[in-house]
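Let me begin by presenting the structure, written as C-alpha cells, before commenting on it.
Read-outs: derived from the displayed coordinates by stated rules, not from any lab. If you're wondering where the values come from, they're calculated on a predicted model, not measured in any experiment. In this analysis, Cβ positions are derived from the backbone assuming ideal geometry, glycine residues included, and neighbour counts consider all displayed protein chains.
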Amino acid sequence: MALPPLDSPQWKSPIRAFAWGVSSVASTVLTLVLFATYLGIGALAHDSHFSLGWVLGSTLLVWAGPAQIILISTLGSGATAVQAAIAVTVSAIRLFPMVVSVLPLMKTPKTGRRHLVLATHFIAVTLWVECYRLLPKVPRERRIAFTHGLGCGLVTVCMVATTFGYVLAAKLPPLFAAAILLLTPLAFLLSTARNCKQISDVLALVLGLSLFPLVSMLHTGVDILISGISAGSIAYGVHWWRERGRA
Amino acid sequence: MNEFFGSPHALLVLVLAGFVPNEIWRMAGLWFGAGVDEGSEVLVWVRAVATAILAGVIAQILMQPPGALAGVPDWLRYGAVAAGFAVFMLTRRSIFAGVVSGEIILLAGKWWLG
C-alpha cells in the first residue's frame, strides 16, 4: 500500500490523513513484532495476577513495552510501588531524546505544544522509526493527523494482542515466552539500524552497544543514561569533526 | 466491572508507578523539543544520544534478560541476535528476514538443548 503523492488532493482532509495513518499500520513488519510483544505482556500480566482491565490500561497509558514488562515483573515479584516507579522511570529516559528529535518533523510555524500532546504520547521506538520513514511522504500540515492515525492504529492492535495474550496465557508454551522476550532487543536493534541516516547514528549504535557492558560494571543505577550520553556525544563529536574538515 | 479492572488500589499504582514516571519523559521532551527547528545541529546530537540509549536498552535486555529469556544460555541469546543482524544486512536491511532468522535460531537452539 502506497501513500498518495505529496501534492494529491487526498491530503486536503485531516480525516483522510488520519485514515492513511491508521492504514500505514499494515505497511510495517514492526506491527507484527508489537503484536507478539503485547501477547507476551498480556500473558505476563495474567501470570502475575493482574486484572485484564489493569494490563489494558497499562498498554493505553504507558505504551512502552520495556516499561510495562518492568512494571509488571517488579510489582509481581513483590517490590513496592516506589521501587517499580524508579525502575520504570530509568527505562523511560530514552523517550526524552526520541520525542525531542522527532517532534520537529511534525510541527509547522503555527503548531503549539498542546497540538502535539497526543502525538507525543504515542512516541515509542516503533513510532519513532516509522515517523522517520513515513513523515517525509506526508505533507507537513497533515503530519500530526497522520501520526494520530498511526498511533491509534498501533495502540488498537496492541490492545487486541494484550487481550489475546491474557486469555491464552495458560496455553502458551514456555519456549514461546523466551522467543517473545527476544523480539524486543532484536526488533529494536534492526529498526534502529535501519533508521541510521548519518555516520553519527551508526557510531552511536555501535558505541552504545559496546559501552553499556563496561558502564554496567559500575552498577550506578543509571548505567544506560551514562553509556547513552557518552556514546551519543562521542558519535556527535566525530560527526562535528568530519563536518569541520569538509568546510 | 470491578472484576475487569481489579482493585482501585492497583489502578492507582498503575498510574503512579507506571504512567507518571514513564510519561514525564515524553512531556519533558515535548516541552524542550517543540522549540527546536528541524535543521538544527543540536538535533544531530539528540538523535545520536537517543540511538545510543536505545543501544544500551538492547544490551541490557541481552545481558540481564527478563523472565523466560534468562533460561536461554548466553551464547544462544547473543548468537540469535547476531544471526538476525547478519541476515538483516544480507537481505538489504529487511527487518522481517532478520527477526524471523534470529527467532528461528533461538527456537532451534532451545529445542536442540532440550
**OP:** Could you give the spread of the C-alpha atoms of chain A along their three principal axes, from largest to smallest, in whole angstroms?
**Re:** 54, 45, 33
**OP:** Quickly work out the B:T91-to-A:Q198 label distance, labels modelled 7 Å from Cα along the C-beta direction, and quote it in nm with one decimal.
**Re:** 3.1 nm
**OP:** Note down the relative contact order for region A:50-119 as a percent, whole number, built from C-alpha pairs under 8 angstrom at least six residues apart.
**Re:** 21 percent
Original post:
Taking only DSSP H segments of four or more residues, each worth -39500 (n - 2.57), what value at 222 nm results for chain B once the sum is divided by all its residues, to the nearest 500 deg cm²/dmol?
Top reply: -23500 deg cm²/dmol
Original post:
Hey, what does the equivalent ellipsoid look like for region A:173-244, semi-axes from the Cα gyration tensor as sqrt of 5 times each eigenvalue, largest first, whole Å?
Top reply: 28, 18, 6
**OP:** Pick out, in residue order, every one of the GluC sites (Glu not before Pro) in region B:1-94 that is DSSP loop and has at most 15 other C-beta atoms within 10 Å; say none if there are none.
**Re:** B:E38
Original post:
Within the P(r) computed for chain B, what percentage of the Cα pairs occupies the region above 20 Å?
Top reply: 65 percent
Subject >> Residue range of chain A that is longest and free of trypsin sites (Lys or Arg not before Pro) which are both DSSP loop and sparsely packed (at most 15 other C-beta within 10 Å) >> reply: A:1-109
Original post:
Which of A:I86, A:I69 comes first, and how do the rest follow, when ranked by fewest Cβ neighbours within 10 Å?
Top reply: A:I86, A:I69
Original post:
So how many Lys-Lys pairs in chain A land under 23 Å Cα to Cα, not counting same-chain pairs under 8 apart?
Top reply: 7
**OP:** Lys and Arg at +1, Asp and Glu at -1: add these up for the other residues within a Cβ distance under 15 Å of A:I69 and post the number.
**Re:** 0
Original post:
Which order results if B:V72, A:V167, A:V238 are arranged by neighbouring Cβ count within 10 Å, fewest first?
Top reply: A:V167, A:V238, B:V72
Original post:
Helix-derived [θ] at 222 nm for chain A: sum -39500 (n - 2.57) over DSSP H runs of at least 4, divide by residue count, nearest 500?
Top reply: -23500 deg cm²/dmol
**OP:** Sort out for me the Cα centre separation of region B:3-23 from region A:169-247, rounded to whole Å.
**Re:** 30 Å
Original post:
Exposure proxy check: A:L39, A:L175, A:L6 ranked by fewest other beta carbons within 10 Å?
Top reply: A:L6, A:L175, A:L39
Original post:
Stretch A:C152-A:T80 to full length: gain in nm at 0.36 nm per residue minus the Cα-Cα span?
Top reply: 22.7 nm
Subject >> Dipole magnitude of the protein assembly as shown about its Cα centre (Cβ charges: Lys, Arg +1; Asp, Glu -1), debye to nearest 20 >> reply: 980 debye
Subject >> From the C-alpha gyration tensor of region A:69-147, square roots of 5λ in Å >> reply: 32, 12, 9
**OP:** Quick one: net charge around B:L76, please, counting Lys, Arg +1 and Asp, Glu -1 for every other residue with C-beta under 15 Å from its C-beta.
**Re:** 0
**OP:** Count the net charge of all other residues whose Cβ sits under 14 Å from the Cβ of A:T111, scoring Lys and Arg as +1 and Asp and Glu as -1.
**Re:** +4
Original post:
Points 7 angstrom from Cα along the Cβ direction at A:W241 and A:L60: gap in nanometres?
Top reply: 5.1 nm
Original post:
Taking Cα centroids, how far is region B:55-105 from region A:40-107 in Å?
Top reply: 22 Å
Original post:
Which one of A:L95, A:T80, A:T147 is farthest out on the positive end of the charge dipole of region A:70-147, using unit charges on Cβ (Lys, Arg +1; Asp, Glu -1) and the Cα centre as origin?
Top reply: A:T147
